[in-house]
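All of the numbers you see were taken from the coordinates with simple rules; none came from a lab. Note that the coordinates shown come from a computational prediction; the quantities given were computed from them, not determined experimentally. Note that each Cβ is placed from the backbone with ideal geometry, even for glycine, and that neighbours are counted across all protein chains shown.
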Amino acid sequence: MKRKLIGTLLAIMLVASLFALIACDTEQPAATYSVTITDSAHGKVTADVTTVTAEGSVTLTVTPEQGYVLDELKVNGAKVEVTDNTYVIANVSADVTVAATFKAITMTVSFNVAPTQSKEVTYGATYGELPTPIGQTGQRFVGWYTQENGEGTKVEATTVVTATQDHTLYALFTDKYIVTFNYGLGSGR
């Protein structure tokens, strides 16, 4: 009976050892992390995945609205450098949070008068103060236009900038006329 008991105990120990060995060899499933992108004004950021396994990667694509460029992209609070509107997060080991800010494009507007003048303007803002050129003798300044000879759109200080790159405004002048009135006994201009 003692032999039988010892044999049973040995068999139980052997089976327990095998279960312990099997449990050690079983791989745990890889950890997964979420990718969260904060909404941004004037552009968006998209990710190729919404969850990523440990040590995996996430590719972010940045798409600004017309008239805007990326100002800053932060991944988990740290500013990152974006190349060609793409950024890759490699070897992910925690949840990923992405935030972007966009800014309006700033450009140079040139005025086709001598001496050459220019100023910086911002997409979506007004042109602000514009120069008043002096024409040749006998001419008066009518305004600034987007094309030569008064063609295109007239641009004033309150006009909103819709261009997205450097551009030129053209001065329009017309002949100045002097009108003389005869008041009977006198005259006037």
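Structure above, values below:
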read-out	value
Net charge contributed by nearby residues that have their C-beta within less than 14 Å of THR146 (K/R +1, D/E -1)	-3
Label-to-label distance, nm, for residues given as HIS167 and GLN147 (7 Å Cα→Cβ offset)	1.2
Residues whose placed amide H lies under 5 Å from that of LYS44, excluding near-sequence neighbours	THR63, GLU65
Simple label model, 7 Å out from Cα along Cβ direction - ASN76 to GLU156, nm	5.5
Projected-area mean, segment 34-189, by convex hull of Cα positions, square nanometres	13.4
Range of Cα positions in segment 76-130 per principal axis (Å), largest first	61, 19, 13
